[in-house]
Amino acid sequence: MSRDGGPGVQGQTYRISQRVQQIPASGIRKFFDLLASMDGVISLGVGEPDFVTPWSIRDAAIEAITHGDTHYTSNFGTPELRRAISHHLEKLYGVQYDPLSEILVTVGVSEAMDLAMRALLDPGDEVLVPEPTYVSYNPCAVLAGATPVGVPTYMEHDFRLQAADVERAITPATQLLVLGYPNNPTGAVLSRADMTAIGEVARRHDLMVVSDEIYDRLGYDGEHTCFASLPGMQPRTILLGGFSKAYAMTGWRIGYAAGPAPVIEAMMKVHQYVTMCAPTMSQAAAVEALANGEHEVQDMVEQYNYRRRFIVSSFNQMGLTCFEPRGAFYSFPSIRSTGLTSEAFAQGLLREEKVAVVPGSAFGASGEGFVRACYATSLDQIKEAMDRIARFTAHHRGPE
Ligand code: PLP
């Protein structure tokens, strides 16, 4: 047993697979383990709503439990939820998905991303991942035996993925392009024109696209464009959607994939063996969220928007240049004026001022020089955090 995964128990060593050894533990998690051991910290770290799931949604789950809905559902998810998702997508984006064969209910977008990669990729395949990137995309590709290839995005372009950069990264091994807009960690959104140009590249090179649209409802600057709604794109797109962010339902572990029936069938095969089905009571809650949650979504978006304006102008005022994020609930200020690396900035800020932000390097090499500050926390907390960050940056002015 030579490929050991660290110190053994009572002399035993463990042979950890090469694939798992290849993926790092999430840079975000590492940071939050440290944070959990400290008092008085204001966290702008974790990407999770501070709101509790609205009551009507909680009630729907309680009712399901009260009625004894405690069994497995169909592997695809309950017919009610699949119909509700299909209706929701058609109403919002004009895309049509057959609830019986083109929608799979999953344990969050997290599982859906893993299933999509496992269903579509083979060893040797390459996956294009825009950078900075949400932390799970590269590991999912590696776990599927494929190779992730970063496509950098830049503050100069408001972190919008450029079709020409996608095209430049394509090789004969490229199978898949991952899109994640509105974006974590940058808050960038793509315009319809951006997406159309990227879709044209996907069509020319016959790429499949996995579009993680978990933040679709959290846009502050006009309508979200659903990638699958672009002419000709639905047959090459797997649309991933969720409840965690828009409905403040992170702990319920519920999301979905919508796509061409053969791909959904392949994803379902993996899902059926490793997960069986998404939690039954969470599925009942999700039906209620789609039926009656719109008002609550709008309320939360309004509050995020207010906090967004405040945090962005605060960063800019203290000399940490911050482009205007137009979606999700993250700001991504440049910390270059301090002369610190993003890791040193985040660690110093936590140690000296007890504010947690995530180093940009946790999102890939092109995240260096930035930190991610999540504004899904109360305005009072954000104000206090901004005072502390201003004090920290005043003490750490690097060479201009
Ligand atoms: N995709 C992105 C871009 C995210 O930011 C997150 C969570 O932070 C997820 C997916 C995971 O979502 P879920 O809770 O539905 O698994």
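Return the residue satisfying two criteria in turn: it lies in the stretch 377-395 and is in contact with an Asp or Glu (Cβ under 8 Å, 6 or more places away or on another chain) and surrounded by fewer than 24 Cβ atoms within 10 Å (Cβ to Cβ), and of such residues it is modelled with the lowest pLDDT. Outline the logic, then answer.
Applying the first criterion (in contact with an Asp or Glu (Cβ under 8 Å, 6 or more places away or on another chain)) to the stretch 377-395 yields 377-378, 388-389, 391-392, 395.
Next, from what is left, pick out any that are surrounded by fewer than 24 Cβ atoms within 10 Å (Cβ to Cβ): 377-378, 388, 391-392, 395.
Details: THR377: 95, SER378: 95, ARG388: 97, ARG391: 96, PHE392: 97, HIS395: 91.
So the residue we want is HIS395.
Within the stretch 188-208, how many residues turn out to be under 22 Å from the mean Cα position of the chain (by Cα), more than 27 Å from PRO49 (Cβ to Cβ) and among the hydrophobic types (A, V, I, L, M, F, W, C)?
Counting residues in the stretch 188-208 that are under 22 Å from the mean Cα position of the chain (by Cα), more than 27 Å from PRO49 (Cβ to Cβ) and among the hydrophobic types (A, V, I, L, M, F, W, C) gives 4.
Kindly list the number of the only condition in (1) out of contact with any Leu (no Cβ under 6 Å at 6 or more places or on another chain); (2) surrounded by 20 or more Cβ atoms within 10 Å (Cβ to Cβ) that fails for VAL109.
Exception for VAL109: condition (1).
Can you name the condition, by its number, that HIS157 falls short on among (1) at pLDDT 95 or above; (2) open to solvent by 40 Å² or more (accessible area, probe 1.4 Å)?
(1)
Looking at the stretch 74-88, I want the residues that are at positive phi and have a partner that is in a loop (DSSP other than H, G, I, E, B) with Cβ atoms under 7 Å, at least 6 apart or on another chain. Which pairs are those?
GLY77/CYS277; GLY77/ALA278
Do we have ASP33 as open to solvent by 60 Å² or more (accessible area, probe 1.4 Å) and in contact (Cβ under 8 Å) with a residue 40 or more places away in the chain here? Please lay out each step first, then the result.
On the way: open to solvent by 60 Å² or more (accessible area, probe 1.4 Å): yes; in contact (Cβ under 8 Å) with a residue 40 or more places away in the chain: no.
Here the answer is no, as ASP33 does not meet what is asked.
If SER331 satisfies every condition in (1) in contact with a Leu (Cβ under 7 Å, 6 or more places away or on another chain); (2) within 16 Å of the ligand (Cβ to nearest atom); (3) among the small types (Gly, Ala, Ser); (4) not assigned by TED's automatic domain parsing to the domain that holds PRO182 but one, which is the exception?
With (1) in contact with a Leu (Cβ under 7 Å, 6 or more places away or on another chain); (2) within 16 Å of the ligand (Cβ to nearest atom); (3) among the small types (Gly, Ala, Ser); (4) not assigned by TED's automatic domain parsing to the domain that holds PRO182 applied to SER331, the lone miss is (1).
Residue-by-condition table, conditions (1) touching a His at 6+ places or on another chain (Cβ under 9 Å); (2) in contact (Cβ under 8 Å) with a residue 12 or more places away in the chain; (3) part of a helix (DSSP H, G or I):
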site: ASN184; (1), (2), (3): no, yes, no
site: ALA188; (1), (2), (3): yes, yes, no
site: ILE198; (1), (2), (3): no, yes, yes
site: VAL210; (1), (2), (3): no, yes, no
site: ARG217; (1), (2), (3): yes, yes, no
site: THR225; (1), (2), (3): no, yes, no
site: LEU239; (1), (2), (3): no, yes, no
site: TYR247; (1), (2), (3): no, yes, no
site: TYR256; (1), (2), (3): no, yes, no
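Taking the stretch 234-259, which residues are open to solvent by less than 10 Å² (accessible area, probe 1.4 Å), closer than 19 Å to HIS205 by Cα and out of contact with any strand residue (DSSP E or B) (no Cβ under 6 Å at 6 or more places or on another chain)?
none
Determine which single condition ASP158 fails, assuming it passes every other condition in (1) touching a residue at least 40 places away in the same chain (Cβ under 8 Å); (2) under 30 Å from ALA60 (Cα atoms); (3) more than 13 Å from the ligand (Cβ to nearest atom).
For ASP158, the exception is condition (2).
If we keep just the residues of the stretch 111-148 that are among the β-branched types (Val, Ile, Thr) and away from the ligand (no atom under 11 Å from the Cβ), which is nearest to GLU368 (Cα to Cα)? Please lay out each step first, then the result.
So the first thing to find is which residues in the stretch 111-148 are among the β-branched types (Val, Ile, Thr), and the list is 127, 129, 133, 135, 142, 147.
Going one step further and asking which of them are away from the ligand (no atom under 11 Å from the Cβ), we end up with 127, 129, 142, 147.
Numbers: VAL127: 22, VAL129: 17, VAL142: 22, THR147: 22 Å.
Among those that are among the β-branched types (Val, Ile, Thr) and away from the ligand (no atom under 11 Å from the Cβ), it is VAL129.
Please go through (1) part of a loop (DSSP other than H, G, I, E, B); (2) surrounded by fewer than 21 Cβ atoms within 10 Å (Cβ to Cβ) for ALA193 and return the number of the only condition it doesn't satisfy.
Unmet condition: (1).
The values are calculated or read from the model by the stated rules, or taken from the named source; none is laboratory data. Please read these numbers as outputs of a predicted model, since none were measured by experiment. Backbone-built Cβ (ideal geometry, glycine too); neighbour counts: all protein chains shown. These area figures cover heavy atoms from the full protein model, side chains too; ligands, DNA and RNA do not enter into them. Shrake-Rupley method; radii C 1.70, N 1.55, O 1.52, S 1.80 Å.
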